[in-house]
Amino acid sequence: MNQGKLFPQESMWSPKVTRMRAGCARRIIDPPIGTRTENWGASKVHVTTGVHNHITATAMAILSENGESYFIVSIDWGWWQGITDDLLIRGAIIRELGINENQLLLHLTHTHAGPTTSSDVAELEGGQAAIEYHGVAIGEIVSACRQALAESVLVDVTWGYGKCALAVNRDLPCGSEDIVAFNPNQPADDTLAVARISDLNSKTIGIIINYACHPTTLAWDNSLASPDFVGAARDLIESKHDAPVLFLQGASGDLGPRDGFTGDTRVADKNGRVLGFATLSVIENMLPPSTRLKFLKTVESGALLGEWGEEKFIPETTDSFQRLDLKVPLKDIPSIEQLEELWKNIDPNARSVRIKRAKKLREGYLREAGTTHPVWIWRFGKAVFVAHPGEAYSKFQIELRSRFPDRVIFVLNCTNGPGYVYVPTAESYDRGRYQVWQTLLGPGALDELIERVGEAIEAMN
C-alpha cells in the first residue's frame, strides 16, 4: 500500500483559543457574624452565625483591542432584591473604576447561603451590619478589579466544553402543579464550559467555569455564610492549579443539585467536588496553550495508523462588546393586594418574604411603555459570553449552543440589572410553577431572548 498518498481531508485540528490582554485577582469578603441573610422564607434564623467557606469576589480584567478596560466580577452573593440595591453597589463600583455600566459584568454566583444584598434592612436584625458590610465589600471588589487590571498580561485563553452530572431538573410534577424538587424523570442539561487562562510562558493565571445549577444545597436549616458547592469546587481546582477560579452561574432556572435543601455543609462540599473533578477533567484534556494538532504521516502496524503531532500557532485576537435591550412580553401581573389575599393562609414569615420580593422586583423594570430586558454579549474569538440579570431556564443555553456549535457559549444568569426575574419556558405557565408566579414576564419571553440573541451572534463576523 502506498501510504504516502494517504492523507485526511483535514490535516489540521485547532482548539478554540483567543489571545488577549487580561488579569485576574481575588478578595475574600466574608460577612461578619450577625449579618442579615434573608435567603429562605422557611428560615427561623436570619443572620449569619459563622462562615462555612469563604465568600469571595473574583475579578477578571480585559483590555480590548481598542484599549478599553472591561471587567467580569463573580461574587458569592445570591441575587439583587431590586434595582435600588443593585445600583447602590454596582453603581459605586462603576464610579470608582471610572467606566460606563456596559464595561462591567457584575455576576452573582447565586448562593442561597450568603449575606443579603438588600439596602433597606437597617431596622431588621442584622440589617445595619449588612449595610456596613456592603460598603466594605465595594472597596474590596474595586481593589480586586484594579489589581487584575494592573497585572494584565498577554494571555492565551483556551475554551472548551465538558460534562458534569451535578445538576438535575427541579420541576417535580405533583398533580396539576409542579413543586421545586428533584424530578428523576426529566433529564437535565449537563454541559460545562471551561476556560483556561495562560500567560505566554504557559503558566495558568486563571480559570473560568460556567455551569448551570442552583446553589441550593444549603437551605433554611443553615445559618453559616457559604458559597455553597462553588466553594469546594474552587478549592479543589485551585489545589491543582495555583490560579483563581471565576465561577459563572449558567441558565439554571430549572436546575439544582439532587442532594440539597439541607443544613449539612458536608453535602455542599461533596457537590462541589463533583463539579471540581469535572472541571479538572476538561482542563486535563486541553492541549498546551496556543497548540494545535497536525497530521504527520501514516504508520504501518497491525493496522494502518495515522500519527498526529503538536505544533504552536498564533491564536486569533478578535473581540466585540454589545448590549441588547429586548422588548419582552409581560404576564397579567397581579396587584400586591391580590398577592396578599392569595398567600394569606401560608406561614407569615414566608408570606412577608414573598410580598417584599414582589414589590422590589417591579421597581425600575416595569414601565408604562413596556419592559425591556438587557443582555450583554461579549465575544472573544470563538467564545461568546451572553449575560443577563434574570434566571433563564436551561433551554436558553441549550438552544444557543445547538445553533452555534463552532463557538463556545458561556451563558450567565444573575448579571447586572434590572430584570431579576425568572425566564421560564412557555409550557411552564400551564403548571403553576414557582418560577411563573415569581416572574413578571409572560409566555414567549424566553423564546424572544433566544431569537434575538441568536441573531446577534449570527451577525458577528
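Compute the long axis of helix 83-97 from its Cα atoms, compare it with the longest principal axis of the Cα atoms of the chain, and write down the angle in degrees, 0 to 90, nearest 10. The two axes meet at around 50 degrees.
Dipole check for the chain: with +1 at the C-beta of Lys and Arg, -1 at the C-beta of Asp and Glu, and the Cα centre as origin, the magnitude is about 640 Debye. Panel note: the C-alpha atoms of the chain, placed on their principal axes, show extents of 83, 49, 47 Å (largest first).
Hey, what angle do you get for helix 445-458 against the long axis of the chain, alpha-carbon based, 0 to 90 degrees rounded to 10? For helix 445-458, the angle is close to 30 degrees.
For the chain, the residue among I99, F229, F277 whose Cα projects farthest onto the positive side of the dipole built from Cβ charges is F277. Computed from backbone phi with θ = phi - 60° and the Karplus coefficients 6.51, -1.76 and 1.60, the 3J(HN,Hα) list for region 260-265 is x, 6, 10, x, 8, 5 Hz; x is used for glycine and proline.
Of all lysines in the structure, the ones whose alpha carbon falls short of 28 Å from that of K294, not counting any fewer than 8 places away in one chain, are K5, K16, K163, K203, K312, K382.
Once C-alpha pairs closer than 8 Å and six or more residues apart are averaged by separation and normalised to the residue number of region 284-345, the relative contact order reads 24 percent.
Here the scattering of region 319-458 is modelled by Debye summation over its C-alpha atoms, one equal scatterer each and no solvent; at q = 0.20 Å⁻¹ the log10 of I(q)/I(0) is -1.18.
Using C-alpha pairs below 8 Å separated by at least 6 residues, the relative contact order for region 16-284 is 24 percent. Contact order, relative form, for the chain: 19 percent (alpha carbon pairs under 8 Å, 6 or more residues apart, mean separation divided by residue count).
To the nearest ten degrees, helix 348-362 and the longest principal axis of the Cα atoms of the chain are 60 degrees apart. Using the average count of surrounding beta-carbon atoms within 10 Å as a protection proxy, the listed peptides 35-41, 210-216, 296-302 rank, highest first, as 210-216, 35-41, 296-302.
Shape class for region 16-284: oblate, because the ratio a/c of the largest to smallest gyration tensor axis (alpha-carbon atoms, square roots of eigenvalues) is 1.5 or more and b/c is at least a/b.
Computed from the coordinates by the stated procedures, all read-outs in this text should not be read as laboratory data. Given the structure is predicted, the values throughout are model-derived calculations rather than measurements. Neighbour counts run over all protein chains shown; Cβ positions are idealised from the backbone, glycine included.
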